[in-house]
Amino acid sequence: MDKRVAHKLLLKQYCEQVILQRIAITQQAMNEAQAAANSESKSSVGDKYETARAMSHMEKDMHARQLLAHQQELQALRSVNVQSVYQVPAAGAFIRSTTANFFIGAGLGKQVIDGETIIFLSPISPLAQQLMRKKAGDEFEFKGKNKIIDVY
């Protein structure tokens, strides 16, 4: 297997691991919010009880929205092809520039993997969209002037 494809496969697996971890944490928070709503005991002060239950339900709904967003991100990531070696930035591409390294797959931000700092971008992020219109040798704006050294 091509060393560049193997590198991107590793990055994609890392993204998947992070998103699956986020899904598990969000699922647990949702369950805890539901349990809190269920355990809220009726007291002589009815309003306090209703308010606490409503707050727990709102928290559960917030976690449900986060869970859906994480699941959609995971689904989008799984459709990213890292088997190809790209000439221009695209979803599934790794981009080395004069000041930073980027992987277009999932928006995880700056991560350090095996001592290498990589900025993980969602394919729909403004920076990824800007990069997708460039090729090796082109300049782009990211914390000042940058130049794409390599794409694969």
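The values are calculated or read from the model by the stated rules, or taken from the named source; none is laboratory data. In this text, all values refer to a predicted model and were calculated from it rather than measured experimentally. Positions of Cβ are backbone-derived with ideal geometry, glycine not excepted, and every protein chain shown enters the neighbour counts.
Please verify whether the range 79-93 includes one or more residues that are of a type in the set (Phe, Trp, Tyr), touching a residue at least 12 places away in the same chain (Cβ under 8 Å), surrounded by 14 or more Cβ atoms within 10 Å (Cβ to Cβ) and assigned to a helix (DSSP H, G or I).
No, the range 79-93 has no match at all.
Condition first: of a type in the set (S, T, N, Q) and either within 15 Å of the chain's Cα centre (by Cα) or not in a strand (DSSP E or B) (or both). Now tell me which residues in the range 99-129 satisfy that.
Correct list: 99, 111, 122, 125, 129.
For the range 130-147, state whether one or more residues are in a strand (DSSP E or B), touching a Cys at 6+ places or on another chain (Cβ under 9 Å) and outside the structural domain of residue 8 (by TED's automatic domain parsing).
The answer is no; no qualifying residue exists.
For the range 18-34, state whether one or more residues are in contact with a Leu (Cβ under 8 Å, 6 or more places away or on another chain), loosely packed, with under 15 Cβ neighbours inside 10 Å and not in a loop (DSSP other than H, G, I, E, B).
Yes, the conditions are met somewhere in the range 18-34.
Please verify whether residue 75 is in a loop (DSSP other than H, G, I, E, B) and surrounded by fewer than 13 Cβ atoms within 10 Å (Cβ to Cβ), treating the condition exactly as stated.
Judged against the criteria, residue 75 is not a match.
Sort out which residues of the range 96-112 are under 17 Å from residue 132 (Cα atoms), among the aliphatic types (A, V, I, L, M) and either loosely packed, with under 15 Cβ neighbours inside 10 Å or without any contact (Cβ under 8 Å) to a residue 60 or more places away in the chain (or both), and write them in order of number.
Passing the criteria: 100, 104.
Cβ-Cβ under 7 Å, sequence separation 6+ or interchain: first residue in the range 13-41 and under 13 Å from residue 64 (Cβ atoms), partner modelled with pLDDT of 95 or more and of a type in the set (S, T, N, Q). Which pairs?
Cβ pairs passing all conditions: 23/71; 26/66.
Among the residues of the range 85-110, write down those that are out of contact with any Lys or Arg (no Cβ under 9 Å at 6 or more places or on another chain) and closer than 14 Å to residue 8 by Cβ.
If the condition is that a residue be out of contact with any Lys or Arg (no Cβ under 9 Å at 6 or more places or on another chain) and closer than 14 Å to residue 8 by Cβ, then 86, 90, 91, 96, 101, 104 are the ones that fit.
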